[in-house]
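Engineer: Please read through the structure below; I'll follow up with questions.
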Amino acid sequence: MDLVAACRAFLAVSGQGSFTAGAAMARIPQSVASRRVAALEEHLGGRVFARSSRTVRLTPFGRDMLPWARRVVDAADAMALDAARARLRPMRLAVPAVCSTLALARLAAAGRDEQVHLDLLAAGPVERAELVRAEQVGAALVAVPPGGAAWQVPVGVAMVAEPSRSAVHVESLRAGRVARATRRRRIWVQPEDDVAHVRDELTRLGAAVGLQPAQVATAASLVAAASEVLSSDDLLACSRTQSAELGLHWRPIGEIDLRRGYDLAAGSREDAAAVGQLLEAEIGRCLGVADGQGRGRS
């Protein structure tokens, strides 16, 4: 038995003093109103109406039960209203500052389609982790080592001139490979990659192949890094998606498979899992995951 529907029929009939009028007010057929009241009487174990050929009136038992029926209906209506408000309440999600406006707009639109209303906050990797720890956001896409990441984004290098080879070897930037008077090319690391599993891997590789320490440099912002690359023959460590947005030519790094790793962190694991599953593809596109690659782990 649907208790709420039965209580609604009970209240409508009692208010109108008639099954016909009560059913009309409740916008249900009279037969349905009769069945619902009968089911309620069976559930409660007593008659709520004394029926005659023309009218119905409350029994003493029905009068006692009427306030309870009203409470049930009022509680159900209040719950439905709160549920509607909760569905519309946005979840604040901290996202990488490198996500494009269009990708974020598509993510927000996909969220609305799944009844997940997102308030997106762009921030760097350290700030995103701090925001979710301080519970200033509902969830955050945090940087993690790629081995245990939900999403993985290959990091290569991008430059103005199109390389002749399918990969760029960092070893080719070694000082001994160019004339002494020639300015040494640098690889610029942007703030999104200023994390141990990207920056340190690139720095170690540079040292291993004989680069000078200054040849792997961390910029204060993506704009600063990109401006250095656009005005020189320097390289930018970035994703393929970022390279395309900047109008640069991207190649993977020949010596290592360098990747950004991301996971969705939230105060509630259930919330994180739900958002990640519902919006997996759009989150991946925001991060720069190529279509068809999916998530980094099963």
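Engineer: Multiply the residue gap between residue 233 and residue 20 by 0.36 nm, knock off their C-alpha separation, and tell me the result in nm, one decimal place.
Structural biologist: Between residue 233 and residue 20, full extension yields 68.2 nm more.
Engineer: If you don't mind, another one. Among 219, 187, 198, which residue has its Cα furthest toward the positive end of the charge dipole of the stretch 165-243, with +1 on Lys/Arg Cβ and -1 on Asp/Glu Cβ?
Structural biologist: 187
Engineer: Still on this structure, I have one more. Nearest 5 is fine: what % of DSSP beta bridges in the chain come out antiparallel, could you say?
Structural biologist: Here the antiparallel bridges make up roughly 55 percent for the chain.
Engineer: Per residue, what volume in Å³ does the Cα convex hull of the stretch 156-257 take up?
Structural biologist: Cα-based convex hull of the stretch 156-257, divided per residue, equals 97 Å³.
Engineer: Starting from the amide H of residue 259, placed 1.01 Å from N in the peptide plane, find each other amide H under 5 Å away whose residue is 5 or more places distant or on another chain.
Structural biologist: The answer is 155.
Engineer: Rounded to the nearest 500, what is the chain's calculated 222 nm mean residue ellipticity when only DSSP H runs of at least 4 contribute -39500 (n - 2.57) each, over all residues?
Structural biologist: -13500 deg cm²/dmol
Engineer: Now for a separate question. Between (i) 6, 22, 25, 18, 13, 9, 5, 1, 0; (ii) 6, 22, 20, 12, 10, 9, 8, 7, 5, 2, 0, 0; (iii) 6, 24, 28, 22, 14, 6, 1, 0, which entry matches P(r) over Cα pairs in 10 Å bins from 0, in percent as derived from the coordinates of this structure?
Structural biologist: (ii)
Engineer: If R0 is 30 Å, what FRET efficiency do you get for residue 50 and residue 85 from their C-beta distance, rounded to 0.05?
Structural biologist: Step by step, r from the Cβ atoms, then E = 0.15.
Engineer: Could I ask something else about it? For residue 74 and residue 130, compute 0.36 nm times the residue count separating them, minus their Cα-Cα distance, and round to one decimal in nm.
Structural biologist: Taking 0.36 nm per residue and subtracting the Cα distance, the gain is 16.0 nm.
Engineer: A further question on this structure: Taking 8 Å as the Cα distance limit and 6 or more residues as the minimum spacing, I'd like the relative contact order of the stretch 3-87 as a percentage.
Structural biologist: About 30 percent, as a whole number.
Engineer: Compute the helix-to-body angle for 60-88: its Cα long axis versus the longest principal axis of the chain, expressed 0 to 90° and rounded to tens.
Structural biologist: On a 0 to 90 degree scale, this one is about 20.
Engineer: Same structure, new question: Relative to the first principal axis of the alpha-carbon coordinates of the chain, what is the inclination of helix 30-44, with its axis defined by its Cα atoms, in degrees from 0 to 90 and to the nearest 10?
Structural biologist: The angle comes out at about 90 degrees.
Engineer: With labels modelled as points extended 7 Å from the Cα through the Cβ direction, what inter-label distance (nm, one decimal) is found for residue 2 paired with residue 106?
Structural biologist: 4.0
Engineer: Mind listing the long-range amide H neighbours of residue 92? Cut-off is under 5 Å, sequence gap 5 or more, other chains count too, H placed in the peptide plane at 1.01 Å from N.
Structural biologist: 119, 138, 139
Engineer: Counting only residues 5 or more places away or on other chains, whose amide H sits under 5 Å from the amide H of residue 99 once H atoms are built in the peptide plane?
Structural biologist: Long-range HN contacts for residue 99: none found.
Readers should treat all values here as calculations from the given coordinates under stated rules, not as data from a laboratory. These numbers were taken from a predicted model, which means no experiment stands behind them. Virtual Cβ from ideal backbone geometry, glycine too; neighbours counted across all protein chains shown.
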